[in-house]
Every structure is written in structure tokens, then in C-alpha cells.
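Before any comments, here is the structure.
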Amino acid sequence: MPYRAERAGGTYVHQDRLASGGFHERPQVDPESETAAEIFDRLFLPTLAGRWAKRVITAAALSPGERALDVACGTGAVAGEALGRVGPEGTVAGIDLGPDMLAVARRKLPDLDLREGRAEALPFADEMFDVALCQFGLMFFDDRAQALREMRRVLRPGGRVAVVVWDGIERSPAYVALAEVVERHFGGEAAAPIP
């Protein structure tokens with residue numbers, strides 16, 4: 001959703017464009033007190049990752065009543081979309097290596113089973129899920145093949161996997177530019193999830 005920032009009294013006031021064409025002011029944020037995960041959730045998620053979440057869920061053909069696992073769930077974009085699809089009869093769980101990412105996800109999605117852990121050793125029982133989802137995470141795993149084997153292990157027979165990845169950063173000029181902008185404005189810690 002497009003937004004604009006206006007300088008007011010030494011701070012920027014961020015505004016989201018409404019469907020009516022007007023703007024709605026976002027709460028002011030002190031960038032000095034935000035974690036990298038909060039910056040990711042506030043800036044990157046609405047402009048890119050959040051939009052892809054709907055596509056991942058559509059590609060997975062997630063249905064009401066199904067059990068879904070979001071691997072590398074981050075701040076919960078895909079998990080939140082999945083929850084809307086599976087409804088009250090379904091379940092959604094998520095796993096991420098980053099405790100700060102999970103803290104943001106837990107604030108947004110307090111009823112989900114969100115766990116800290118590695119994709120290469122999923123802390124879930126065999127054949128527990130109908131669908132495994134992974135948006136922009138696979139390329140960061142230490143052992144991608146093992147992570148995919150783990151996703152398969154936790155799927156019931158006939159289960160589905162939907163994965164979205166970037167190409168290598170050396171072949172993704174827009175992603176290189178994004179990483180440089182994030183590092184320049186928010187520091188290396190905020191840019192670390194982007195490499």
C-alpha cells in the first residue's frame with residue numbers, strides 16, 4: 001500500500017494511502033528503539049513480503065480445516081494468511097530461527113503455535129501437517145536439502161509444499177539495492193536477514 005512521510009517537528013509522520021484516496025496516519029515510531037524484526041515488519045513486509053504471502057497461500061491451495069506449517073515464518077505474514085484460509089477448524093504453526101521475528105509474530109498472532117528452531121530439524125511429529133509453506137527462507141538455510149526432507153517428513157501422505165525463493169543475490173539487482181538501502185538507513189543488523 002503506498003505511503004508518504006512528512007516531516008513534522010523534527011520527526012517523520014508516516015501515512016498509509018486509504019482506498020478512498022486519502023491518507024491514514026501511522027503511529028509514530030522511534031527508530032532507535034525498534035528491533036531489526038520490527039523494522040522488517042513495518043517496512044519490508046507491507047511492501048513486498050506481505051503481498052507474496054497471499055500468492056503462496058493460493059499456490060498451496062490451502063483449504064478450510066487443513067493443518068499448515070509456515071517454515072521460516074518470520075513475523076507471521078504467511079502464517080496470518082494461512083490462518084484466514086484454514087479457518088477455525090484448521091490449525092497453523094510456524095517456526096523461525098530468529099527470536100525477535102517470533103516476538104513480533106506472537107504479538108500479531110497470539111493463538112498460533114510459533115516455535116524457535118531450525119528448518120533442518122523441525123520440532124514436529126511425522127505426518128502432522130497437510131501443507132508446508134516457506135516464503136523467502138529456503139535460500140538462507142544451511143542445508144536446503146535437509147530442510148526439504150524435514151518438510152516432507154512432517155507432511156501427511158498427499159501433503160503439499162509451497163516454497164518461494166529469490167534467485168542468488170548476485171543475479172537479483174533489485175534485491176542488492178534493497179539490502180544496500182536497508183543497511184545504509186538501519187544498519188548492518190537490520191540488513192542481515194537480507195543477504
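The values are calculated or read from the model by the stated rules, or taken from the named source; none is laboratory data. All of these numbers come straight from a predicted model, not from anything done at the bench. Here the Cβ positions follow ideal geometry from the backbone for every residue, glycine too, while neighbour counts run over all protein chains shown.
Annotations
- Hey, V104 under 18 Å from G159 (Cα atoms) and in the same structural domain as R156 (by TED's automatic domain parsing) or not: no
- Under the condition of being crowded, with 18+ Cβ neighbours inside 10 Å, assigned to a helix (DSSP H, G or I) and modelled with pLDDT under 95, the residues counted in the stretch 119-153 number 1.
- The residues on offer are A60, A79, and the sole one that is aliphatic (A, V, I, L, M), modelled with pLDDT of 65 or more, out of contact with any Lys or Arg (no Cβ under 8 Å at 6 or more places or on another chain) and in the same structural domain as R160 (by TED's automatic domain parsing) is A79.
- The number of residues in the stretch 126-156 that are of a type in the set (K, R), in contact with a Leu (Cβ under 9 Å, 6 or more places away or on another chain) and in contact (Cβ under 8 Å) with a residue 24 or more places away in the chain comes to 1.
- Count of residues meeting criterion [part of a loop (DSSP other than H, G, I, E, B) and either in contact with a Phe, Trp or Tyr (Cβ under 8 Å, 6 or more places away or on another chain) or modelled with pLDDT of 95 or more (or both)] in the stretch 98-118: 2
- Selection count where residues are in a loop (DSSP other than H, G, I, E, B), over 15 Å from F40 (Cβ atoms) and β-branched (V, I, T), scope the stretch 58-97: 0
- Candidate set from the stretch 62-104 (those that are touching a Pro at 6+ places or on another chain (Cβ under 8 Å), free of Cβ contacts under 8 Å to residues at least 40 places away in the same chain and not acidic (D, E)); member that is surrounded by the fewest Cβ atoms within 10 Å (Cβ to Cβ): G87
- Matching residues in the stretch 157-166 - criterion: being surrounded by 14 or more Cβ atoms within 10 Å (Cβ to Cβ) and more than 13 Å from A72 (Cα to Cα): G159, R160, V161, W166
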